[in-house]
Amino acid sequence: MIAGTLRTDAPPLQDGPNVNSSLVLSPLGGLGEIGMNCLALEQVTGGERERLLIDCGVTFPSQDDGVDLIHPRFDAVLDDAVPLRALVVTHGHEDHIGAIPYLIEALGRRGAPPLSIVGPPYALELSRDRLADVGVDASAYRLQPIKPGERVCLGGFDVEPVRVTHSIVDATALIVGTHAGTIIHSGDFKLEAEPLDGQPTDEARLARAGDDGVRLLLSDSTNVFQAGHAGGELGVSLALEPIIGAAKGRVVVAVFASNVHRLGALAAISRRVGRHLCLLGRSVRRHADVGRRLGWLDWPSDLVVAPEIAATLPARRVLYIATGTQAEPRGALARLAGDQHSDLRLGAGDLVVMSSRVIPGAERAVFAMQDALVKRGVELVTRATDPEIHVSGHANRDDQQRLIELVRPASFVPVHGTLQHLLRHEALARSLGVEDTMVMLNGDRIEVGKERLARLDAVISGRVSIAGGRVVEPDVLRQRRELGRAGIVVIVVAQGDESRGPTVHVVVNGVVDPPRTIAAASGAARGVLADRSGRNVADLGEVVRRAARHRILDATGQRPVVDVQVVHNDGGLA
């Protein structure tokens, strides 16, 4: 099954805006934050409404609340009266495709027809794997690969991907024809002069779109504070080879697993320096498998060895590629640092190269992991010692300026970034002569009007936390954080009978001063029981809880979670 009518001709996508139509944009994620990218487009033509979704990603928690990932709320696109024509993905990073299973689940609960998913082959192959991970048969959905130069009609939306360079293969920008005019979404991009795959950003196609007229440009803001141009993977490869070639012992290179360009470069380096490759981590094995299936990685059959085979080879004959650059507790690198990896133990004479950057929020964990490696006698190479061993996949400020100059849009909206990123990128566009600009945050709505952008009422947006495949409700997260800050006090009140008075038992966990806390909680509970003896105790638990909270705060200055269980005369709980 296909998602829409495929076209390979390339006339202008739209001759101009239709005065009897409107186009509204609503970001559900990715604006006001880094990650969780998801943008809804809705157009109305002749009274008929339809939607298109661009990207559907996740983000990851910045603190340990027992949450695996976070995806957008999808309420704004679950309206049965407005068909969702398709989801179009720009590339295969988790912050652009990771929430697809949860969107499909949400649509399924509403009885919606199978969702059409359109995107680059690599992104769709990863999406297929993600669906299989959660037990969804991808064959029931319309996964349609589309390559640069092709066009697909999705209802009233006309979509053409354009090749861009990024830190993952098969990345695209989108030229979207709408009844309000042509929209360009940059996706995640940079302008790399000599990409390792020989497929640079198609500046000529973007310039032609500019010649035909672009109503609105939405552009990646991630590196707006970085001057100059983003570096290239060729430079990274040239920096890594002498470091690896000079090593006498084991070498572990830690990378973002999705950077297939770098995986290919490391394979080429390993052959030149006489080492086999050994992959440590599920995600790097997944990307290597998909990359080989789709022809992005041309690895000889004898290049990669299993960990048990690598263990039998001389240390100087193996190059390990590991995941876990952000010190994820279950990542390969964190387990190596803690000497808990089942396949490899590191020590003096070994080398770890962190060919990655530290994502904001992960600094403390990453530096602690690095210290643990150094304590084991490992030689550590990072961007702090060798800046050339990693480059970003996102455009720096000069590349962002170049895109605006190529496209020459009538209007501009920055995407993919915190509020500071978005404001700085908007200022850049205005300095280049784009007068009609607007900064949007998640939940905002703007209308692409005939002449200018207009802000409308907001839509429902938010974040949904997932742990073990299940939703973690906000109240549960709040309780977890409260428990982590101050601990918990459990008060069990047994009412007793005429021959035996009420009893109080207090248990504390995670509090700073247990004896004083127990005494305060017990005293508060007994005081309430004495005051309420012989009266209706339907609300006894809540009265005890409040009294105990106040008494504990007065006695210790702490605010632990207080839970009260009232046991009736028959042994049952209130």
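The values are calculated or read from the model by the stated rules, or taken from the named source; none is laboratory data. Being a predicted model, the structure only gives us computed values, none of them experimental. Note that each Cβ is placed from the backbone with ideal geometry, even for glycine, and that neighbours are counted across all protein chains shown.
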Count - residues of region 440-472 that are surrounded by fewer than 18 Cβ atoms within 10 Å (Cβ to Cβ), closer than 15 Å to PRO72 by Cα, charged (D, E, K, R) and over 19 Å from the mean Cα position of the chain (by Cα): 0
Find the residue count for region 334-358, including only residues that are in contact (Cβ under 8 Å) with a residue 40 or more places away in the chain and either within 21 Å of PRO314 (Cβ to Cβ) or among the β-branched types (Val, Ile, Thr) (or both). 10
So which of SER356, SER342 ends up being of a type in the set (Ser, Thr, Tyr) and closer than 29 Å to LEU234 by Cα? SER356
Would you pick out the residues in region 393-417 that are under 21 Å from ALA454 (Cα atoms), out of contact with any Ser or Thr (no Cβ under 8 Å at 6 or more places or on another chain) and surrounded by fewer than 24 Cβ atoms within 10 Å (Cβ to Cβ)? ARG408, ALA410
Counted residues, region 430-445 - those being farther than 16 Å from LEU419 by Cβ and not in a loop (DSSP other than H, G, I, E, B): 4
Counting only residues that are part of a loop (DSSP other than H, G, I, E, B) and among the basic types (Lys, Arg), region 370-398 contains a total of 2
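Condition check ((1) modelled with pLDDT of 90 or more; (2) surrounded by fewer than 15 Cβ atoms within 10 Å (Cβ to Cβ); (3) assigned to a helix (DSSP H, G or I); (4) not assigned by TED's automatic domain parsing to the domain that holds ILE488) across all residues:
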residue: VAL508; (1), (2), (3), (4): yes, no, no, no
residue: THR517; (1), (2), (3), (4): yes, no, yes, no
residue: ALA521; (1), (2), (3), (4): yes, no, yes, no
residue: LEU529; (1), (2), (3), (4): no, no, yes, no
residue: SER533; (1), (2), (3), (4): no, yes, no, no
residue: ALA538; (1), (2), (3), (4): no, yes, no, no
residue: LEU553; (1), (2), (3), (4): yes, yes, yes, no
I'd like to check something: does region 309-325 contain any residue that is of a type in the set (S, T, N, Q) and surrounded by fewer than 16 Cβ atoms within 10 Å (Cβ to Cβ)? yes
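Given the criteria touching a helix residue (DSSP H, G or I) at 6+ places or on another chain (Cβ under 8 Å) and either assigned by TED's automatic domain parsing to the domain that holds LEU39 or under 12 Å from LEU403 (Cβ atoms) (or both), does ASP202 qualify?
no
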Quickly run through region 3-42 and pick out the residues that are of a type in the set (S, T, N, Q), modelled with pLDDT of 95 or more and closer than 17 Å to GLU447 by Cβ. SER26
From TYR141, TYR122, TYR102, grab the single residue that is assigned by TED's automatic domain parsing to the domain that holds ARG408, free of Cβ contacts under 8 Å to residues at least 40 places away in the same chain and either under 30 Å from ASP212 (Cβ atoms) or touching a strand residue (DSSP E or B) at 6+ places or on another chain (Cβ under 9 Å) (or both). TYR141
Enumerate the pairs (first residue in region 447-474 and part of a strand (DSSP E or B); second residue anywhere and among the basic types (Lys, Arg)) with beta-carbon separation below 9 Å, excluding pairs fewer than 6 apart on the same chain, so at least 6 apart or on different chains. GLU447/ARG455; VAL448/ARG215; ARG455/ARG445; LEU456/ARG445; ARG463/ARG73; VAL464/ARG73; VAL472/ARG480
Which strands (runs of 3 or more DSSP E) sit wholly inside region 138-212 and have at least 2 residues that are closer than 20 Å to HIS261 by Cα? 157-163, 172-178
Quick check: is even one residue across region 343-363 assigned to a helix (DSSP H, G or I) and of a type outside the set (Ser, Thr, Tyr)? yes
Pairs where the first residue, in region 155-173, is in contact (Cβ under 8 Å) with a residue 12 or more places away in the chain and the second is crowded, with 24+ Cβ neighbours inside 10 Å and of a type in the set (Lys, Arg), C-beta under 6 Å, 6+ apart: THR165/LYS190
Scan region 65-78 and tell me whether some residue there is under 24 Å from HIS394 (Cβ atoms), touching a Cys at 6+ places or on another chain (Cβ under 8 Å), outside any strand (DSSP E or B) and not hydrophobic (A, V, I, L, M, F, W, C). no
Residues (in contact with a Ser or Thr (Cβ under 7 Å, 6 or more places away or on another chain) and charged (D, E, K, R)) located in region 330-352: none
For ASP197, only one of the following conditions fails: (1) surrounded by 21 or more Cβ atoms within 10 Å (Cβ to Cβ); (2) out of contact with any Gly (no Cβ under 6 Å at 6 or more places or on another chain). What is its number? (1)
List the residue pairs whose Cβ atoms are under 7 Å apart, where the first residue sits in region 521-532 and is over 17 Å from VAL508 (Cα atoms), the second is part of a helix (DSSP H, G or I), and the two are 6 or more positions apart or on different chains. GLY527/ALA547; VAL528/VAL543; VAL528/VAL544; VAL528/ALA547; ARG532/LEU540
